[in-house]
Structure formats: structure tokens, C-alpha cells
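The values are calculated or read from the model by the stated rules, or taken from the named source; none is laboratory data. What you see is a predicted model, and the numbers here were worked out from it, not measured in a lab. Counting neighbours? That spans all protein chains shown, and the Cβs are built from the backbone with ideal geometry, glycine included. These area figures cover heavy atoms from the full protein model, side chains too; ligands, DNA and RNA do not enter into them. Shrake-Rupley method; radii C 1.70, N 1.55, O 1.52, S 1.80 Å.
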Amino acid sequence: MHIEDGILSPQAWASWYAASAVFIVPGIRQIQKRVEENPYYKPFLAMVGVGVFITSCMHLPVPVTGSCSHPCGTPLAAIVVGPFATAVISAIVLFFQAIFLGHGGITTIGANTFSMGIVGGISGYLCWKILRKFNSPLWLAAGLAGFVGDLATYLASAFELALSLHGHVPLVKQWIIFFMGYGPTQLPIAVAEAVFTAAVLQAMVSRRPDLLPGILSGKDRKKEAVKHEIRD
Amino acid sequence: MKLEISENKLSSPQVKWFDSFTKMMLTVMITILIFIFISGKYMDSHKMEAGGTDDAVNDLASVVTQVEHHPFIDLPGDAQVGAFSVANFFAGLVVGHHWEKLFGEKKKKEDDVEDVEA
């Protein structure tokens, strides 16, 4: 999903910058507010940001298709720090990846933030929220959030390209063409992202449920508290 | 973050370095590396390119735009491996540092108890 410079027209990349700003500005405000409320939030955010940086540049080979791709890490970030803060994190991550690692362009940071940080984060977060509302186990909700968020990121990226470049070809057809460039390789990576999201979230919750308000329901919080008392 | 040091009966200090967390992380790392190695060997033996899908789709888009795409900076040869290694090494240190501060406290207490019992 790292679209490079020279592909999107100035009107297109400027529009994606504007669209991303709609989520980044409230994200910055949310971060400022939560930093004042919780002293642990800043190091937590730093850790999650660096986690997204590593995850989203870690290319894994998929022998079935003969190519490599990477997970995103943004569905997990959206669950633990919120979807708006994830948009801010993603913009920073993509900036550093572009200027130091040759991963994506500078003009396309807005478009890449929109696909990975906003669509990937929000879709994963919504999936998590809906499943938890129906009392789904934590690992299942987190895993599906990772899977959905990963694929949604690439669907959004393909849409961004198709919207700019479809010309006389129908938009949906061009969208499918671009997505088919990602899809076959991304499907197994999305499964890996599901396992990663579930495992990391489970580890965080079992160690410090107090750091993750809103992650556990009232009943789950009591269970975790009892577990902690027994362990201590 | 400080190293856990316990003293045995002969009062020589021992650093507990191969703890359960280290074992778990090494297991995960080796599993992923074995997967990458086997996949790489398979793709190499089947003459697969193993390029990134990002590049493939960017190339596809370039066919439409008729304009060359380019990353902001294109690192030549092994410089890319170097840049990734430096970035991931320090990123790993930052994650590890904060993970230990935020999620490692309970574990540390348990290990301290094990040390005293030993």
C-alpha cells in the first residue's frame, strides 16, 4: 500500500492529504487530552508507534504467489490507542519510512495514511467493537480485527489508485485490477496479521489490564483482576 | 531497566539472562526466520521473483500514468539492508524498553521470587 511519488496527480494527492487531516487533527487533540489524564499513555503511544513502524515495513515472502508483502499493525494500534491516534501515528510512521527507507513517497503520505492508518485502523476497530458487543472472545475479536483491517487497507489503496487512474475504464473494474495485484499475496499476510494482533493483545491484557481501559468489559475486568490477585 | 542479578549460595553473582521472555522471543524469531528461509529457498528454486506487491502495483499504475514512479529516496544495493537493520534495531530497543516498563513489572516480580527461592 506504499504508493510512490509520481503516480497520483497533484489534485489527487492534495485531496488525500486533506482527507487524512480530517482524522489527524482530532487525533492530535485526543492524544493531548489522554496524555494529561494518564501518565502511561505517552510511552504506550511511543511503543505502539514504533510497533506499527516495524510491522509495516516487515516484508514476508508468500511462496504461493512468489512475491512479498507486509502486515500493517494499524488494527492493533486502533484497538489499544484508538483510531484517531492511530491516524497520527501512521502519518509519522509513513513519513520516516519515506525519507529513510525508500518506502512510499512524500507526496503520497496523505493517501498512504488514509489507507493504512485511517481505513485499516477504523475498519479493524469497528470489527473489534462489534464482535466484543456480541461477547466474542478477546482473541477472536482481535484476530478478526487484524484480518479485516489488513485487507481493508489494501482495498483502500487499490481504490485510491483506481480513482485517480481509471480513465475510460469503469472505476470498479480498475479497482479490482489494482486489488488483484495485492490480494493473492495479502490474504495469507492478513491471516498472519490476525494471529499477531490476537497474540499481542492477549499478552498485553494478561499483564496489565489496567492500562487498557475500554478493552475489557466489566465482567472480563473482574476475571482479570482475580487472576492477577491469584498470581501475586 | 536494570539487569536482574541474584546471588547463589556461594555468593557469586548470576545474571538471569535466559528467562522465559527471552526464550519465547527467540522461539518466535527463529520460527519466522525458518519460515522466511524455507519460503525463500522454494521461491528461488521455482524462479519466482519474490518482489514486493507494492512495487508490482506501482509498476501497474505506471503503465496507466506513463510516468516513472519513484520512492522519495532509492537506496542502492546493500544500503537498503543497512537502513532496515538500523531502523529495526533501534525500533526494537524502543519497543523493548517501553514494553518492560509497562508490561514487564509483574514478570519482574515473579522472577525475583524465583531468584530468592533458588
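Quick notes
- Extreme residue, farthest from A:Phe53 (Cα to Cα), among residues of region A:76-106 that are of a type in the set (S, T, N, Q) and more than 10 Å from chain B (Cβ to nearest Cβ): A:Thr86
- One residue stands out among those in region A:1-40 that are among the hydroxyl-bearing types (Ser, Thr, Tyr) and facing chain B (nearest Cβ under 10 Å): the one that is most open to solvent (accessible area, probe 1.4 Å), which is A:Tyr40.
- So B:Ala61, is it at pLDDT 85 or above and within 11 Å of chain A (Cβ to nearest Cβ): yes
- Within region A:149-168, residues that are surrounded by 21 or more Cβ atoms within 10 Å (Cβ to Cβ) sit with their Cβ atoms under 7 Å from residues that are polar (S, T, N, Q) and not in a helix (DSSP H, G or I), at 6+ positions apart or across chains, in these pairs: A:Ser164/A:Ser9.
- A single entry from A:Gln186, A:Gln174 fulfils the requirement of being more than 29 Å from A:Leu140 (Cβ to Cβ), open to solvent by less than 50 Å² (accessible area, probe 1.4 Å) and either at pLDDT 80 or above or more than 8 Å from chain B (Cβ to nearest Cβ) (or both): A:Gln174.
- Filter result for B:Gly82 (at pLDDT 85 or above, surrounded by 13 or more Cβ atoms within 10 Å (Cβ to Cβ), under 27 Å from A:Met47 (Cβ atoms) and under 26 Å from the mean Cα position of the chain (by Cα)): no
- Scanning region B:85-99 for residues that are more than 7 Å from chain A (Cβ to nearest Cβ), more than 17 Å from A:Ala203 (Cβ to Cβ) and either hydroxyl-bearing (Ser, Thr, Tyr) or surrounded by 12 or more Cβ atoms within 10 Å (Cβ to Cβ) (or both) yields B:Ser85, B:Val86.
Yes or no, residue by residue, for (1) open to solvent by 20 Å² or more (accessible area, probe 1.4 Å); (2) touching a strand residue (DSSP E or B) at 6+ places or on another chain (Cβ under 6 Å):
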{"site": "A:Val48", "(1), (2)": "no, no"}
{"site": "A:Thr55", "(1), (2)": "no, no"}
{"site": "A:His59", "(1), (2)": "yes, yes"}
{"site": "A:Thr65", "(1), (2)": "yes, no"}
{"site": "A:Pro75", "(1), (2)": "no, no"}
{"site": "A:Val81", "(1), (2)": "no, no"}
{"site": "A:Ile89", "(1), (2)": "no, no"}
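- Selection over region B:31-51 of residues that are at positive phi and exposed (fewer than 10 other Cβ atoms within 10 Å of the Cβ) gives a count of 1.
- Note on region B:52-76: residues that are open to solvent by 40 Å² or more (accessible area, probe 1.4 Å) and either assigned to a helix (DSSP H, G or I) or farther than 17 Å from A:His59 by Cβ (or both) amount to 13.
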